[in-house]
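Data first, discussion second: the structure below is written as structure tokens.
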Amino acid sequence: MRTNKFLAAVGCCAVLAVGAGVPAAHAREAGAIPRLTDERGRELTLRGWNVEDKAHRGDQALSAITERTFRDLRAHGFGFARLLVFWDDLEPVRGQYSEAYLQKIRRVLDWAHRYDVQVVIDAHQDVFGPAFGHRGIPGWATRTDGLPFTPHPDDWFSEYYEPAVQRAFTHLYGDEDLRKAQAAMWQVLARRFAHHPAVLGYDLINEPMGEFREGEDPATAARRIEAEQLTPMYNRLARAVRSADRRHWVFVEPTPAVGEGVPTGLGKIKDPKAVYAPHFYNTAMEAGADYDPSAGWIASYESAVTAYPKKYGMPVVVGEWGPLNSELPHMARFYTDALASLARYTSGWAGYVWCYGGGYCAADAQGALRGNKALTATPYARAVAGRVRSQAYDPSTRTYRIVYVAGRGTTELSVPSAARRWRVRVEGPGSVRGLSVRAVAGATVTVTVAPRA
């Protein structure tokens, strides 16, 4: 997501919203945020990037994603990708699903599996879809009631506030035939990829928006849309997924207003494997500004965003984050503060975006991480067989340490660059082989990962 001047209005409203929400969040300490787990009950940590191709469609769809993408992700220690797919590519004609597109998705998933990268399949939309010059919901599923639309080429996120776009969301959420079509689309994806070994879950819709009522401020509108339209939509789509796949996680997002510290209005998602997947963006930084540590944005965001998963007992994975310009003077401080915050309440994150170039791209043309984005590549425990007591990374010494009460099974570590460059030490009744640790069930062990001298 790239925010704009309109969300500045949300930010103004958020000051009051966060002030009201902080005490409630802290009062619910007993309702701790649970960890994401795998089928063996191991606690997972996801570290990775969004993987996309918005430029190509039809025969060329997903062609910008190659095997190199996943080889480079794994080489830097990342084991997670959020894969953007588009409904308009999957079902360009109503009721006709593209077998060629499904095969292209499978090819990408096969590469991910080859390099041991777990994938969440994200049903992505930007400004609804191709009817407005973007990608996502097909043209045949776009209903505007003849309302106007004016493009904003220099501020595309503003197009979400065009009457035709907002009305299209209203029809998507409310029209029974569109509800069924969206559910059927998810059934096709879940049925096809339920047993693919790279799949971790499904992100049901990217950055959903909606229609404002006359006189309604953006923060109030966001909470109403989340409560009255997104919550029932997510429950419908979760049921559709479960008709084909009962194993994998479903990821649900609030509106982008959460990025300005507005607590979500989402209600209960009636699925035992639902994940809260907000995005983590700041209006000023998305416009190219430097990070201002004194502004308190990260603390406000964390206070607001944690109330919902505490209330409903849901793991958190941040689906997108990262500034437009990561090389400004205070960006090293931003990454340090952001990573520390994310470690406190999430089971992981996907940065935006894995590509080779400038701007948001994680890597340069040679595949090296750009500027301060390199701070995201650290050792971590991607799967812990047991219950984590504490874990921390010291950037000054590049040392990662985790203390956990061991259960049955193997704890798996991940490191940037070749494993031979790192030393793994286990304190307690356990043993290490490469990047895998086995310990006596019930014992407390400490694992330290540090660079070799």
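The values are calculated or read from the model by the stated rules, or taken from the named source; none is laboratory data. The model shown is predicted, which means the values in this text are computed figures rather than measured ones. Don't worry about glycine lacking a Cβ; one is built from the backbone with ideal geometry, like all the others, and counts go over all protein chains shown. With ligands, DNA and RNA removed, areas are computed over all heavy atoms of the protein, side chains included. Shrake-Rupley method; radii C 1.70, N 1.55, O 1.52, S 1.80 Å.
Listed values, structure above:
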| read-out | value |
| --- | --- |
| Computed helical MRE - 222 nm, the chain, DSSP H runs ≥ 4 contributing -39500 (n - 2.57), nearest 500 | -9000 deg cm²/dmol |
| Extension gain, GLU99 back to ALA365 (0.36 nm per residue minus Cα-Cα distance, nm) | 92.5 nm |
| Once exposed loop GluC sites (Glu not before Pro) are cut out (DSSP; at most 14 other Cβ, 10 Å), longest piece of the chain | 40-213 |
| Per DSSP, loop trypsin sites (Lys or Arg not before Pro) in segment 344-453 with at most 12 further Cβ within 10 Å | ARG452 |
| Trypsin sites (Lys or Arg not before Pro) restricted to segment 54-92 and DSSP loop, no more than 15 other C-beta within 10 Å | LYS54 |
| Shape call, segment 158-202: gyration tensor on alpha carbons, a/c limit 1.5 | oblate |
| Accessible area (Å², per residue) of the chain, counting only protein heavy atoms and a probe of 1.4 Å | 39 |
| Separation between Cα centres of segment 89-149 and segment 335-377, rounded to whole Å | 25 |
| Estimated vicinal HN-Hα couplings, Hz - segment 268-279 in sequence order (Karplus 6.51, -1.76, 1.60; Gly, Pro = x) | 6, 8, 8, 9, x, 10, 9, 10, 7, 10, x, 9 |
| Range of Cα positions in segment 300-410 per principal axis (Å), largest first | 43, 31, 24 |
| Distance in nm between pseudo-label sites at LEU324 and GLN60 (7 Å out along the Cβ direction from Cα) | 2.6 |
| Accessible-area composition of segment 142-236, carbon plus sulfur, in percent [1.4 Å probe] | 50 |
| Tensor-based shape of segment 113-272 (alpha-carbon gyration tensor, a/c under 1.5 rounded, otherwise prolate or oblate) | prolate |
| Restraint check, LYS104/LYS180; LYS270/LYS373; LYS180/LYS270; LYS54/LYS180, Cα-Cα greater than 29 Å | LYS270/LYS373 |
| Accessible area (Å², 1.4 Å probe, nearest 10) - ASP116 | 80 |
| Global geometry of segment 219-263, whether rounded, prolate or oblate, following the gyration tensor of its Cα atoms and the 1.5 cut on a/c | oblate |
| Distance in nm between pseudo-label sites at THR410 and SER294 (7 Å out along the Cβ direction from Cα) | 5.2 |
| Additional length obtainable on full extension of the chain from ARG106 to LYS268, 0.36 nm per residue less Cα span | 55.1 nm |
| For GLY296, net neighbour charge (Lys/Arg +1, Asp/Glu -1) across residues whose Cβ lies under 11 Å away | -3 |
| HN-Hα J in Hz across segment 379-396 - Karplus 6.51, -1.76, 1.60, θ = phi - 60°, x for Gly and Pro | x, 6, 9, 7, 8, 10, 7, x, 10, 6, 9, 7, 7, 7, 10, 9, x, 5 |
| Sparse-neighbour loop sites [trypsin sites (Lys or Arg not before Pro); segment 188-265; at most 14 other C-beta within 10 Å; DSSP] | ARG213, ARG246, ARG247 |
| Karplus-derived HN-Hα couplings along segment 202-218 (A = 6.51, B = -1.76, C = 1.60, θ = phi - 60°), whole Hz, x at Gly and Pro | 9, 8, 6, 6, 7, 6, x, 10, x, 9, 7, 8, 4, x, 8, 6, x |
